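Undergrad: I'd like to ask you about the structure that follows.
What follows is calculated from the coordinates using simple rules that are stated; it is not laboratory data. Remember, it's a predicted structure, so these values are computed and weren't measured experimentally. Glycine also receives a Cβ, built like all others from the backbone with ideal geometry; neighbour counts cover every protein chain displayed.
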């Protein structure tokens, strides 16, 4: 993984990196991906992907209101809140 | 050999239920052990004595009112700090959750509280459960009670250490690729990862949702079974929980191993590179044979061990990159000062995620990104299917598979910190069961020459948790390691 790819992936992940971090991750992730190349040797033609280890069937439940933690407890963890709302940086100029 | 300092959860429960002691007295003894040992171990990230005393008092009131039910009455329990306990911090070992206070209880917390447990504190972990040594915690490095210069394993290293040191008889961890079993092995205690879907993940901060599973640490198999029986079962708040009957703790016991076919595969035994670990694991297999089991070689089945690391790290990091997208500094966690929204996201995450978490987010984002998705993520999911098929084939010929947990014993703090791939290799024997969602336990099987504990792993087919615990129960009788604690547990105040 070259530095440009690390930069691109970091942008996608919304993760600010210093130049030193970018250089270090480029080296480390390249080594990790090189190790992972061994997977290519395994023939998986026609194999159904397994997202979970168990086969899950969705089970609907009655749509009934239940107890929740409560508005105040939830919003108390925000860096900024006002009048019961989250305050975030400007989204639209 | 049981430590003189050992008191099982079952012993405590009995003493509290019969009025021989109180939950409050048990808690005070526990807190005294914390005072004595925590400065050496650095295993707890937070500890709220007042809240714990209120819980103990409530348990005593319950007993006084005549309610002696509860499988964990008055039992002090430590929680890995990625589990929510109302009013207490949850850091996940990360700076990004510094100051976060849980507004609700995890399902497992509700269940254990109903069973009468008293929560003592939150234990250290690798940041967001990503690591095998606890060194990735943003707060502190936990030490192994058997050798304070060594790591306790990870990611649930704090929860393993507090049980090994005899501070609490029971703690909870989470296991994604080995994060319960590997630290259990390195700390010489029992660590059980139930079948995927047995225990609700509601209130567990997600790392890799298709792999994460909560389970207990204890110094004896019975206590792990009691905790499992109390926690397991369908929960509508976690749609991945299975709706299957939960075995009672009593059904997780056996008297011997007659009729049990133990699958032996070279990857889990003969190919363990460390000669001392290998010899101890082989001796463990002999114990099983002595107890009446039939050993069945299953070497001809390809258990795909050589693909374990790539498969696991592609699946887990992909899921992590998605799960950890929620940590953006808006609704919780400290936010970095920035002009616009995108900059606030990037700065907050860049400033507050540690190196291993950042590496895994980058790797997962890459594996899911356009042009690479099929070659990496989809490929790994296909290989995951092959793991499930391989184990299904193996379990046609045996009832459990047995072998080593960790290829190496506890290693010195700092030794592997610089090289991610070497650290990842610690999980090579625990990952396959995670990919296939199998119930798996690690329990002690002896010591190296330098007196470091070694773990023995028993894997069962999906939903055969009671079988795994039952076989482990017999193994423990043979090993004599029931109630084994690190020597520092025995030094009195």
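Undergrad: How far is it, in nm, from the label point at residue B:477 to the one at residue A:27 when both lie 7 Å from their Cα along the line to the Cβ?
TA: Between residue B:477 and residue A:27, the label points sit 5.5 nm apart.
Undergrad: May I ask you to derive the FRET efficiency for residue A:3 and residue B:370 from their Cβ-Cβ distance with R0 = 25 Å, giving the value to the nearest 0.05?
TA: Rounded to the nearest 0.05, the efficiency is 0.85.
Undergrad: If I take R0 = 30 Å and measure r between the Cβ atoms of residue B:67 and residue A:71 in this structure, what FRET efficiency does the formula 1/(1 + (r/R0)^6) give, to the nearest 0.05?
TA: 0.35
Undergrad: Right, here's the next one. Any idea how far the Cα center of the stretch B:204-224 sits from the one of the stretch B:72-123, in Å?
TA: 13 Å
Undergrad: Counting only Cα, what are the radius of gyration and maximum Cα-Cα distance Dmax of chain B, in Å?
TA: 21.1, 69
Undergrad: Ranked by Cβ crowding within 10 angstrom, fewest neighbours first, how are B:400, B:63 ordered?
TA: Numbers: B:400 27, B:63 21.
Ordered from fewest to most neighbouring Cβ atoms within 10 Å, B:400, B:63 come out as B:63, B:400.
Undergrad: Measuring from label point to label point, each 7 Å out along Cα→Cβ, what is the residue B:337 to residue B:396 span in nm?
TA: Distance between the two pseudo-spin positions: 6.7 nm.
Undergrad: Could you tell me which of rounded, prolate or oblate describes the stretch B:360-493, using a ≥ b ≥ c as the square roots of the eigenvalues of the alpha-carbon gyration tensor, with rounded for a/c under 1.5 and, failing that, prolate when a/b is larger than b/c and oblate otherwise?
TA: Values: a/c = 2.97, a/b = 1.35, b/c = 2.19.
The shape class here is oblate.
Undergrad: Restricting the count to DSSP beta bridges whose residues both fall in chain B, what percent are antiparallel, rounded to a multiple of 5?
TA: 65 percent
Undergrad: Rounding to the nearest 10 and keeping the result within 0 to 90°, find how far the Cα-based axis of helix A:3-12 lies from the longest principal axis of chain A.
TA: So the helix axis and the longest Cα principal axis differ by about 20 degrees.
Undergrad: Quick check on the exposure proxy: order B:62, A:61, B:111, A:40 from fewest to most C-beta atoms within 10 angstrom.
TA: Numbers: B:62 18, A:61 8, B:111 21, A:40 11.
Ordered from fewest to most neighbouring Cβ atoms within 10 Å, B:62, A:61, B:111, A:40 come out as A:61, A:40, B:62, B:111.
Undergrad: Quick one: B:214, A:32, B:96, fewest Cβ neighbours within 10 Å first, how do they rank?
TA: Final ranking by Cβ density, sparse to dense: A:32, B:96, B:214.
Undergrad: Between helix A:19-36 and chain A, what is the angle of the helix's C-alpha long axis to the longest principal axis, kept within 0 to 90° and rounded to the nearest 10?
TA: Roughly 60 degrees, rounded to the nearest 10.
Undergrad: Does anything in the stretch B:466-484 have its amide N under 20 Å from the 7 Å Cα→Cβ label point of residue B:2, and if so which residues?
TA: B:470-484
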